[in-house]
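These notes are about the structure you will find just below.
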Amino acid sequence: PEDTVTSSFASFIHAARPEQLSQTVRQRSKRMILDSIGVGLVGSTTRVFDIALRYCRELYPSVAVSSVYGKPGVKLSPTLAAFTNGVATHSMDFDDTWHPATHPSGAVLPALLAASQMLPPNTKPTGLDFLLAFNVGLEVQGRLMHFSTEAHDIPKRFHPPSVVGTLGSAAATAKLLSLSSAQCCHALGIAASLAGAPMANAATQAKPLHVGNATRLGLEAALLAARGMEANPLILDDIPGCSGFSAFYSVYQPKPLSAPGKQHEFLLEKQDIAFKRFPAHLGMHWVVDAALSVRNLFINYAGSFSPSLIRTIMLKIPVSKYINRPFPSSEHQARHSFQFNACAALLDGEVGLGSFSESSIHRQELRELLDKVVVEHPEDNVANFDKMYGEVALLLHSGDVLTGKCDTFYGHWRKPLSKESLLKKFRSNASHVLPEEKIESIITLVDNLETLSDSSQL
């Protein structure tokens, strides 16, 4: 069918050209690619990544084709490499976040890296092809998120990258493989049948599987479409009495995607991405910055940070059940706990990789601080990454009250990381598995991505 929402998306995927990417879009997306690779590299040191990799190597022996983050010499089939690298990317909840809320890079980049290595030598995509496909995957995710007002708030039902990320991966891979418009349409339809994961698995080892599956299954959807598999050509349209993509949202109002060209503006042009400074749920970054602010006030007040002077720690945070965890008992719970991250910042003056180790989580002095936390949910503090704030107040035994508040943390799309900060984060993450010369070569490759004749060099 012509003139449908789904056909407009398929036409966009097929027709997009590199020259339609503005300089702003190119630079922002290259920052995302570099950050995502770094996050994936440090994520390859985690237990959940080891479980996923061992599973793939033991249960699915295959021809070695595509590389695995942090494991020199280890290769898997393209789909399994995409899966394990997607798991690595989200294993620490360290990956980028967009608004409406999703993790866009991790759902797309591993699929493109794996597919680049899969293609024969004479058909390898260039760096510019790679950059275009990456942006097509971002654009599809962003447009789908805008189809529902429900998606603008912190999610309650489905984890967004498992929904829009799967279709974004399918779109990006379809573009890299130069599929026809009809094949792009079927790739989206197939991906919709492979999408979706519940929020109840947040703060568990299963959550990184959401991103791993999104990037893998989107890649598989494109490969199946390339081989002739068909799906509903109206999958994105709102058809009364028969749910397609609308099954994931209680409110769903799809709109056609305009053809790429002078009249089309990529969403990444309008809004930057949030990059995390430490490995935890995005909401934690507001309370950590607020906690660090009030900690400085406390040190000026008392001369040092003395927990014994504190009677109550008041957190003013939005209502969001899965990140309101008073006493987390595992690293994944701690990454999703307003209370833990506020107290860790107060106690240590920072939050970093080491904050989520078993020994750090179960410290007696940290537990004593957690005992003092009281939570309030002000009506004006909504569960929305564009509107929320974090406030930490220390009620002292003396009767004095010290308060720190953050409405835009450093790294938010309204307050982007500087180039220096982003490179510092990448170098720190990558150094866990790569020598310095390799780290610097990746930085150079990504910075000059448009000039690469073979994107599989990444």
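For this structure, a couple of remarks:
- Selection of the stretch 275-312 for residues being outside any helix (DSSP H, G or I) and either open to solvent by 10 Å² or more (accessible area, probe 1.4 Å) or farther than 11 Å from Phe409 by Cβ (or both) yields Arg277, Pro279, Ala280, His281, Gly303, Ser304, Phe305, Ser306, Ile310, Arg311, Thr312.
- Residue check for Thr123: of a type outside the set (Phe, Trp, Tyr), assigned by the TED database to the domain that holds Leu194, closer than 30 Å to His264 by Cα and open to solvent by 50 Å² or more (accessible area, probe 1.4 Å): yes
- Residue match in the stretch 425-446 (condition: surrounded by fewer than 14 Cβ atoms within 10 Å (Cβ to Cβ), modelled with pLDDT of 95 or more and under 21 Å from the mean Cα position of the chain (by Cα)): no
- Conditions (1) within 19 Å of the chain's Cα centre (by Cα); (2) over 30 Å from Thr451 (Cβ atoms); (3) surrounded by fewer than 20 Cβ atoms within 10 Å (Cβ to Cβ); number of the one not met by Ile51: (1)
- Residue in the stretch 386-405 that is in contact with a Leu (Cβ under 9 Å, 6 or more places away or on another chain), without any contact (Cβ under 8 Å) to a residue 12 or more places away in the chain and surrounded by fewer than 18 Cβ atoms within 10 Å (Cβ to Cβ) present: yes
- Some residue of the stretch 206-227 being of a type in the set (S, T, N, Q) and assigned to a loop (DSSP other than H, G, I, E, B): no
- Residue in the stretch 226-233 that is open to solvent by less than 20 Å² (accessible area, probe 1.4 Å) and either modelled with pLDDT under 95 or not hydroxyl-bearing (Ser, Thr, Tyr) (or both) present: no
- Sole exception among (1) free of Cβ contacts under 8 Å to residues at least 24 places away in the same chain; (2) part of a helix (DSSP H, G or I) for Asn135, by number: (1)
- The stretch 126-162: number of residues that are modelled with pLDDT under 95, β-branched (Val, Ile, Thr) and open to solvent by 30 Å² or more (accessible area, probe 1.4 Å): 1
- Those residues of the stretch 220-250 which are closer than 15 Å to Met145 by Cα and within 24 Å of the chain's Cα centre (by Cα), in sequence order: Leu236, Phe245, Ser246, Ala247, Phe248, Tyr249, Ser250
- The single residue among Leu315, Leu353 that is closer than 19 Å to Ala203 by Cβ and open to solvent by 50 Å² or more (accessible area, probe 1.4 Å) turns out to be Leu353.
- Ala172 at pLDDT 95 or above, touching a Leu at 6+ places or on another chain (Cβ under 8 Å), in a helix (DSSP H, G or I) and not basic (Lys, Arg): yes
- Some residue of the stretch 13-28 being open to solvent by less than 20 Å² (accessible area, probe 1.4 Å), in the same structural domain as Asp447 (by the TED database) and not aliphatic (A, V, I, L, M): no
- Residues located in the stretch 175-205, provided they are crowded, with 24+ Cβ neighbours inside 10 Å and assigned to a loop (DSSP other than H, G, I, E, B): Ala195
The values are calculated or read from the model by the stated rules, or taken from the named source; none is laboratory data. The structure displayed is predicted, hence computed values, not measured ones. Note that we place each Cβ from the backbone using ideal geometry, even for glycine, and neighbour counts take in every protein chain shown. Only protein heavy atoms, including side chains, enter the accessible area calculation; ligands, DNA and RNA are left aside. Shrake-Rupley method; radii C 1.70, N 1.55, O 1.52, S 1.80 Å.
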